Each structure stands twice: as structure tokens, then as C-alpha cells.
1. Residues B:Ser329, B:Ser347, B:Ser373: which one is small (Gly, Ala, Ser), within 30 Å of A:Leu259 (Cβ to Cβ) and touching a Ser or Thr at 6+ places or on another chain (Cβ under 6 Å)?
2. Can you tell me which residue within region A:189-217, out of those that are outside any loop (DSSP other than H, G, I, E, B) and at pLDDT below 85, is nearest to A:Arg146 (Cα to Cα)?
3. Looking at region B:282-310 only, could you name the residues that are free of Cβ contacts under 8 Å to residues at least 12 places away in the same chain and either touching a Lys or Arg at 6+ places or on another chain (Cβ under 8 Å) or among the hydroxyl-bearing types (Ser, Thr, Tyr) (or both)?
4. Considering only residues that are facing chain B (nearest Cβ under 9 Å) and surrounded by fewer than 17 Cβ atoms within 10 Å (Cβ to Cβ), which ones fall in region A:372-400?
5. What is the one condition in (1) in contact with a helix residue (DSSP H, G or I) (Cβ under 9 Å, 6 or more places away or on another chain); (2) aliphatic (A, V, I, L, M); (3) without any contact (Cβ under 8 Å) to a residue 40 or more places away in the chain; (4) not in a helix (DSSP H, G or I) that A:Ile43 does not satisfy?
6. Do you know which residues across region B:201-215 are within 14 Å of B:Ala431 (Cα to Cα), modelled with pLDDT under 80 and not in a strand (DSSP E or B)?
7. Determine, yes or no, whether B:Thr180 is surrounded by 19 or more Cβ atoms within 10 Å (Cβ to Cβ), outside the structural domain of B:Leu19 (by TED's automatic domain parsing) and of a type in the set (S, T, N, Q).
Amino acid sequence: MEREKMSLLTPSTALRRRYLHDRLFLLAGRLAAIASFSTIGLIFLAILYTSLPAFTQSCIKLPIHFEETAFSDENLALADYDMLVAQALARIIPGVTDPGEKEDLMGMMSPGAAWRLQQMVGSNPKRIGTVEQLWLPASADIDMLRKGKLDRTTPEQRRRLSKRQLKWYDQLNAEGRIKRHFNRVFFTAPNSTEAELAGIYGAVKGSLLTMFITLVLSFPLGAGTAIYLQEFAPRNRLTTTITVTINNLAAVPPILYGLLGLAVFINFFHLPRATPLVAGMVLSLMTFPSIIMASRNALAAVPRSVCDAALALGASRMQSITHHILPAAMPGILTGTLLGLAQAFGECAPLLMLGMVAFVGNIPAGITDPATVLPMQIYLWADNSGQGFPEKTAAAIVIMMLFLVIVNTMVLWLRRKFENSHPHTS
Amino acid sequence: MSLHIFFLMTLLTAIAFQLGRMRAFRIAVRSGGLRKLHSLPRHYGSYTALRFAVPAFILAGLVTLFADDIAMHLVWDNLPEQLRTLPEEQAKLMRQVIIHTSGNQSPPGNNASTIIRAGWQLKQLITIILRLGWTGALLLGTLSAGLFLRKIDCTLPARLAMEKFMRWILAACTGVVIFTTFAILASVAVETVHFFQFVSPLEFFFGHTWSPQMAMHTGQVGASGHFGALPVIGGTLMITLIAMLIAVPTGLFTAIYFSEYASSRRRHVLKPILETLAGIPTVVYGFFAVFTVGPLIGRLGLLFDVETSTESALAAGVVIGIMIIPYISSLSDDAIHAVPKRLREGSRGLGATRSETILQVVLPAAMPGIIGSLLLALSRAAGETMIVVMAAGLAGNFSFNPLKSATTITVQMANLVGGAGTFNTPSTLAAFALGLLLFLFTLTVNIIALHIVRRYHARYQEGM
């Protein structure tokens, strides 16, 4: 019976099962590939979507009277700017007398409103005595309400805005006094405890200073080490041990470098903690291995014939390296350095160990000023449960990813250049 | 070093280069053409510049580094007897005060206290030492460059000297990198030994209570804190296991799909993307874990009526798993792709289906490479910090319930020393012991992985 059924044209049950198995296997592969790409796509979409509100800031238009009586003191910074804001509010929402009510009214504005006025008067004292209609930042709660992130139907006890504040908001909104402006503060200010005043410029500058130190330390030392190990060092046990050690160091968890930095740079050398200087030193320790490995690969990829030709024409060993091998390997070395720097740019575990978690409300001026870096700022904001901070965190992530995209584009460009520099190798 | 001095010295270095080059030219012309010179004029120039720069910069750097200490020493020796014989702790404070007062702008009056006068003295002395040192550095550099300039003649091998120097510099780079690495490892080992003077290794490795924060409050050191690392190690292993459970199947199947099924064009486009994904900062994944995965698990828990904690080991593990998928798929793809085509063709020729070929021929051949990639991913998952700091908990529960909060080695390290000011409490030192533990673990895993990968490469070279 079985024997009769068997034919080359109709697959047997066993063969069918094998085909089914084959198709399931392919399906599993496809699903896995789709899953791994779509999860990461999802992460980005989620972050991008969360970040959008942070790029705008709700402002309220107030008629500010810079009355001369308010500036009786010689020092303009001592004037009561909060009072100016309160008076302006009272002008557009009259009839508020109860102290609690007044507090609620002031609560609609950000503390940054008074600060903005102070800056304006400081930069142009002629304003005193004039009346201006100004767009001043609203508080984080009003901002969230404007962006539709605050639910009006929540019972009043648990709601962040009182009934009165909602009524005033509707009144101002109807008068066209509330508008969303591009959030310039976010790109120009240092960190702040108030979400509407917090910016990433301090962190970006800290990151750039740190990267400067990392580059200055790790590029010459890393490239120099690679050239020595690849071109000059005798091939013996010691060199092999060093090579193996460097390969192993590339996979050491980053947090350990923070521990090392803490023990040596801060505890032993007493360098100022939480500064770009120490952070850059620790991160350069972390990037050494990858720079050395990438540079050695780039040097090894240059065809030996180039070197031989130079030697045959009478160049010395050093000349054949500096004039021929190094220029050919440079794109590869730069690629490795850039990738190492990109890794260091996004790394914050070692800096956690160095005490860079402290709040820094200033923009660092130099490498020995207390500073924070972009990934650390993201970590700190993610930890902050205040209104508006999740959006800020997502926006900071978007900015950080933009930096990394730029670096990766540079790497791709260098790689393409490298591929063309020695066509006969491939 | 002040910026002015730095620029002045750089300028002088450039001048030294020109002087050396010009002198070599003149000598060459006098003795019958450039051919007569041993090296090119610019080699003489560079060597003259070096002769100036090396001693000058080294001396100036040393003076700048140590001026404060030397000045302090001199000031201290001039203080009255009763101040100099203070106990060490107070003397330290006193020196701090003197340094502080040295920031004063105006000279002290006649009836100012000894300390204020000492501060002023310190300030004056530092200025004098710096000026003297910098002048000395410039003189020394000029002297050494001048002596070399006089020595230049046709037979002087400037290029060889230059090359020797460059080689020496390159070797010094290697030395610096190797030395710092080892010095730093040694220092961590020393701190760990310190720690084991407070806490016995037996308690550390086999104790099952982890409450390091207690030691900070009581005055007596090491008497009250519990440093049993088992819960911490257990938490690390659990989170790593969850991560591997997520990442290994997904990563492996992605790699198989890429290398065996995807068209080469698709592979060329997707592979670099996958490699770029491996470079996403982990703090981004941490944010995702806190704001998306954590609440999702909480909601699922409510749905199935299971108690979950806001900081669960599951959330951290899942996100670490997502993070290491690119590592596994990229490295495994390399390994699978490197299996010679003839193995596949032989298997298909004998009638095996594609999946049978992959499972029974290709994967066994690529297995060492795949295991290597899995081990590298494992060490990355175990050492991951930001995701667990943000999404896992702090308390060292000794339970293996992934819905509860769990703690890891890295979380504890960050928590114990995050900006700590003192280094002699067992709780800070415990971070070093945990760090050494983590280091040894990842080192072992890496060595095994590299060993397997290397053996696999060797086998292929024979087989080709």
C-alpha cells in the first residue's frame, strides 16, 4: 500500500512535515527580525512622541507696568519683580482679594516670569516707567493643561489645579492671552528645579567639555600605542599579553571605570569631583581599548607592499610609516576614535560613581567647574517626578540622539573614503 | 601653567625650528649643496625645536604642579612653634585656612593675625616660585637648543635622532596606557583588601543579608552593617537570566534570518542599522523601562490579579534583553556568514531542506562563534548599570520572584559610592569588593569567549 502511494510528484507525509517545519523556521526568523527592529523603532517613536510638548512653552500675555516706585533701590536686582507680575495679573483678573485666592493666581505663573522681567530690566533700564504687553512663562501645571496632559475631570482634591485656576485659565484663553511659544529656554538654560525653567544647555556644554578632554587624552595616546604595538614592538610574550589585556579591557563593564576613577583620580590625586576634567579622564580610560583595537586593525589593513615600496626607495622605517602607512590608515583610526567618543558621549554609569549626579544649576565655564553631562541630565530628569519632566527627559534624549546621528554619519562618510583609498586591497 | 607662558613657549619652539632649519641650510650651502647634509634641513629644525621644547615644557609643568606645595612648606616652616607642632588633623585644617586666606587681595595690616600674614606670604611665595620656575624653564630650553645649534654640521644625524625620539614617544604612549590600566586595577584590589579587613570574606561570599547602609549611622565601624553579597549576586543572576531568555532566541533567529534567508541587498542595508543600534546609550533604554515597560507590567499584573512592584526585576531584565539583541544578532550573523558555502551546498545536494541544513550543518559549524557572541552579551548584561539603576530596586531581597524588586551588583555600587566623600567606611569599600567581583566575572566570561572564538577561527583556516 505505502509503496504504491509513493511518487516523485506527490510529496509524502514525512516530506510534507519537513516542508512545514522549514516554513515555520523561516517564519520564526522573519518574526524575530521584525520583532528586534520594531521594538527599537517603537522605543524611538514613543520617545519622540513624548518629547514633542517639551519643545514649546505656554506663555500668558500680561500688561506689565514698570513703575518707578518699584525700583527705588540702587540695585535693580533687589526690586520686587514678583509684585510686578502680581499687579499685572490683578489688572487682567480683577476682584481677587483673599490671600489664598491670590496665591492661586500667582501659582498660574512660573517663578521664571519674575526672573525674565529682572533680566529685561537689567539689560535695558530705560524700561522703567513704561508699560509693556509681555508674554511670560506660565507654570508647569498650566502648561500641562494647555498641552492636554492634565485631566479636568479629576476630583478637585487630587487635581493639581484648583477650580478657580481652571476658571481663570478659561477666561484668559478666551481673551487670547495664552499661547504656546517655541521653548527657547530649553536650549539656552542650565538645569532647574522648575520644569518650565530647566534647559539642557548646561548639560550639553558639560558633555562637550568632557568630550574635549577625552579626545585630547585618548586620541594621541591611543593612536600612539596602536602604532607602537603594530609597527615597532617586538613580537614576544609581553606584547601578546598586552594585546590580550587590551582586548579584554574593551569588554569590562563601564561602571568599573567609574570605580577606578574614584579610587585614583579623586581619592588619591584629589582632583575636583564632578568636573569635566575628571569625567573626561575616566571616559578616556574607557575608550582607550576600542581606539587602540580599531587603530591597529586600520594599520594592519594597509597593504605591506606600500611599506615595502617606500623602504626599497630608501625611506627609513619611521618615514615609511609617517609618510605612507599612517595617512592610509588615518580614516580608520579616526573612525575608531569617533566611535569610541560616541560611546563615551552616551555613557553615564562611570560618571554616576564620580558624583556627577549632583544638581548643577550653572553653565560650566571651564573644565574644572562642576558640571553634568547630557546622559546624566536624562537620568536625573527621568528620576524627577515633577510635572513636565518626563517630556523634558524625552526631549533631551532626542537631542542626544541627534548628536550621535551626526557622529555616525561622519563615521559612514569616513568609511566610504577609506574604502576608496586602497582599492586594490579588497 | 598659565596660558601666556604656554603660548610664549610654543612661539619659541617655532622660532627654534626656524633657527635650526636656517642654520642647516647655511652650513649646507657653505659646504657645497644640500646633498652634503646627513639629513634634510627640516630634520635639524625639528630637532632644535625638540631640544627647546622638551626641557622647557617639563620644567615649567613641574614648577606649576608643585609651586603650591613648595610654597606651603616654606610658609609652614616660618610659623611659630606652637602652630607647627599641632596634631596632624588640626595642622591639615590650619593649612586649609592659610590657603583660603591667601585669596585676599590686599596686603594685611600691621596688626593682622599670624594666619592672615601667612596666607599673604603664601600668595607672594607662589608667585615668586612660578616666575622663577618659568624663567628657569625658558633659560634651560634656550640653553639646550643653543648648544645643539652650535653642534649642527654636515655629519650630524638629525633624522636618526628625531626618529629615535619619536619611537621613544610612541613607546611612552604604550607605557602610559598600560601603566594607568594596571595601576588602577591594583588600586581597586587594594581597596578590596581594605574592605576584607572590616568584613570577613566568609560573610561577604556566603552571607545572605545585605544592609550596608547601617554601618554609616553607628559610630563603630563594620559592627552593625551586614555585607552578605548573596542576595545581590542572586539579583544580578536573575536579571541577567531574564535578559538572556529574551535576547537569545530573538537575536539568534534574527541572525539566522539575516545570514541565510535575507537577500544580500536587504542584509547590506539592515546590518549597519543593527550595528548602530548597539551604540544607543543605555540611559535611553532605562527611560523606556521606567516609563513604558514598568507601567505595562503593572497593568498586566492588575489584569491577572498578581501583585507587582513598581520596580520589578522583570522590567529591567526585559529591557536589558532588548538592549543586547543587536550584539547577539550582529556577532552571530558574522559567525554564521563565515561558514563556508560548500557545507550548505553539500547538505542541500543530499536532499536536506533549508531548515535542516541550518539546524544540522550550519549552526553546529558556527557554534563556537555563536557561543562567543552569547558570552559577550552575557557579560554586557551582567555589567549593565543605567537600566537597572533606573528600573530595578535597591533592597536586597533574597527572593527569586521576577515581579518583585531585585538589586544588582551595579546598582549597589552606584548606590554605595554615588558621590561619597569618605573612603574608610566599610559601605564605601564594599563597592570596591563588589566591583572586583564583577570584574572577575566579566573577565572570566570574556577570556572564555575570546578563547572559543579564536579556536573557531583557527579551525576554519585549516578547513578552508
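1. B:Ser373
2. Applying the filter and picking the extreme gives A:Glu196.
3. B:Thr292, the sole residue that qualifies.
4. Within region A:372-400, A:Asp383 is the sole residue that qualifies.
5. For A:Ile43, the failing item is (4).
6. The answer is B:Pro212, B:Gln213, B:Ala215.
7. Here the answer is no, as B:Thr180 does not meet what is asked.
Residue by residue, here is whether (1) in contact with a Pro (Cβ under 9 Å, 6 or more places away or on another chain); (2) among the hydroxyl-bearing types (Ser, Thr, Tyr) holds:
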residue: A:Ala310; (1), (2): no, no
residue: A:Gly314; (1), (2): no, no
residue: A:Thr322; (1), (2): no, yes
residue: A:Ile333; (1), (2): no, no
residue: A:Leu351; (1), (2): yes, no
residue: A:Met356; (1), (2): yes, no
residue: A:Met376; (1), (2): no, no
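The values are calculated or read from the model by the stated rules, or taken from the named source; none is laboratory data. All figures in this text were calculated on a predicted structure; none of them were measured in a lab. Positions of Cβ are generated from backbone atoms using ideal geometry, with glycine treated the same way; all protein chains shown enter the neighbour counts.
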